[in-house]
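Visitor: Dropping the structure in here first, questions after.
The values are calculated or read from the model by the stated rules, or taken from the named source; none is laboratory data. Being a predicted model, the structure only gives us computed values, none of them experimental. Every residue, glycine among them, receives a Cβ derived from its backbone with ideal geometry; neighbour counts consider all protein chains shown. Ligands, DNA and RNA are stripped out before the accessible areas are found, and what is left, the full protein with its side chains, is counted by its heavy atoms. Shrake-Rupley method; radii C 1.70, N 1.55, O 1.52, S 1.80 Å.
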Amino acid sequence: IVYLGAKPIFIDSELETWNICPTVLEEAIKNRIANGKKPKAIIGVHLYGMPFQVDAVRAVADKYEIPLVEDSAEALGSTFKSKKCGTFGDISILSFNGNKIITTSGGGAIVTKTLEQKNKAVFLSTQARDNAPHYQHSEIGYNYRMSNICAGIGRGQMEVLDKHIGLRRKMHEFYLDLFKDIPGVAVFNEPNEDYFSNHWLSCISIDSSKTNGVTSEVMRLAFEKENIECRPLWKPMHLQPVFKDCLYFGNDVAENLFTNGLCLPSGSNLTDLDRNRISNMVKSLFGI
Ligand SMILES: *Cc1c(COP(=O)(O)O)cnc(C)c1O
């Protein structure tokens, strides 16, 4: 957004999927239109692999005729109403960065609806070369192509995608079971059967009024002491210092999630031994 010289406007999350809130989104669009600045695009993100409220967000995009860009970087293999994430945007993106559910070490993919969009994306990502025998440029492009070696790794990785989704979802089941009798700890879960998350990361939110004072930070530090890495949820973009002057619409839902949430060990390579260590740690922390 910023590279293009456009200005991001940040929209709060909702509590069902932790993603863009369609109600706040519509308020923000109305406000900007009233100010004579209709937004050029909506970006929806499926965080931690959980689909955003696809129908509701799509309805707002359609009502105001604003294109929807779908950030499916974390949601390869997730579905909403049995349809794959990465197919809901006017344009969608996937990431194959090293930390994603499959990887090409770096890089990603763009999913378009038309051949024209695809050709333009390829043109811009390969230095915007004009169709001429010599090197000629009428537009500024980028060097964003994926190397053929990385792409080869990606083709191999596609064969293990289903296995990785299974392993991530198994971690999620493990946490559902581990926390089921611990009051004040809620495992981040699909709101209903329309949603199927790849559970790329397993997360919890903690209500410390019900946990005898165990906050997400107390828990993170207890894990760290056992050499087990947990992380806070993603810091909301409107709280990033670099975006301090940007507009934000909302009611601090994302901010509260950031304060009370935690990302737990979720890797596809965790073993029963690792799960035992996590389980023992949690049980001793909560005295059960
Ligand atoms: C990883 C990620 C990106 C960026 O992908 P890169 O391939 O690292 O550029 C964008 N959006 C979300 C939500 C991500 O998780």
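Visitor: Under 8 Å between Cβ atoms, which residue pairs at least 6 apart in sequence (or on different chains) link something in the stretch 95-119 that is surrounded by fewer than 17 Cβ atoms within 10 Å (Cβ to Cβ) with a partner that is among the β-branched types (Val, Ile, Thr) and part of a loop (DSSP other than H, G, I, E, B)?
Guide: 97/103
Visitor: Going by what's in this entry, would residue 212 be described as more than 19 Å from the chain's Cα centre (by Cα), surrounded by fewer than 20 Cβ atoms within 10 Å (Cβ to Cβ) and not in a helix (DSSP H, G or I)?
Guide: Yes.
Visitor: Can you name the condition, by its number, that residue 100 falls short on among (1) outside any strand (DSSP E or B); (2) touching a helix residue (DSSP H, G or I) at 6+ places or on another chain (Cβ under 9 Å); (3) within 11 Å of the ligand (Cβ to nearest atom)?
Guide: Of everything listed in (1) outside any strand (DSSP E or B); (2) touching a helix residue (DSSP H, G or I) at 6+ places or on another chain (Cβ under 9 Å); (3) within 11 Å of the ligand (Cβ to nearest atom), residue 100 misses just condition (2).
Visitor: For the stretch 71-86, does any single residue satisfy the condition of being surrounded by fewer than 21 Cβ atoms within 10 Å (Cβ to Cβ) and farther than 30 Å from residue 164 by Cβ?
Guide: no
Visitor: When only residues in the stretch 241-288 that are part of a helix (DSSP H, G or I) and farther than 27 Å from residue 198 by Cα count, which is most open to solvent (accessible area, probe 1.4 Å)?
Guide: Of everything passing the filter in the stretch 241-288, 242 is most open to solvent (accessible area, probe 1.4 Å).
Visitor: How many of the residues in the stretch 30-74 are touching a strand residue (DSSP E or B) at 6+ places or on another chain (Cβ under 9 Å) and outside any loop (DSSP other than H, G, I, E, B)?
Guide: Counting residues in the stretch 30-74 that are touching a strand residue (DSSP E or B) at 6+ places or on another chain (Cβ under 9 Å) and outside any loop (DSSP other than H, G, I, E, B) gives 19.
Visitor: Can you work out which of the residues in the stretch 70-94 that are without any contact (Cβ under 8 Å) to a residue 60 or more places away in the chain and within 10 Å of the ligand (Cβ to nearest atom) is nearest to residue 153 (Cα to Cα)?
Guide: 94
Visitor: Identify, please: which residue in the stretch 62-94 is of a type in the set (Lys, Arg) and under 21 Å from residue 193 (Cα atoms) and is, among those, nearest to the chain's Cα centre (by Cα)?
Guide: 84
Visitor: Condition check: surrounded by 23 or more Cβ atoms within 10 Å (Cβ to Cβ) and either assigned to a helix (DSSP H, G or I) or within 16 Å of the ligand (Cβ to nearest atom) (or both). Does residue 27 satisfy that?
Guide: no
Visitor: Being within 17 Å of the chain's Cα centre (by Cα) and open to solvent by 60 Å² or more (accessible area, probe 1.4 Å) narrows it down to one residue among 235, 225, 163; which is it?
Guide: The match here is 235.
Visitor: Spot the failing condition for residue 187; the list is (1) out of contact with any strand residue (DSSP E or B) (no Cβ under 6 Å at 6 or more places or on another chain); (2) open to solvent by less than 90 Å² (accessible area, probe 1.4 Å); (3) on the phi < 0 side of the Ramachandran plot, and only one is missed.
Guide: The number of the failed condition is (1).
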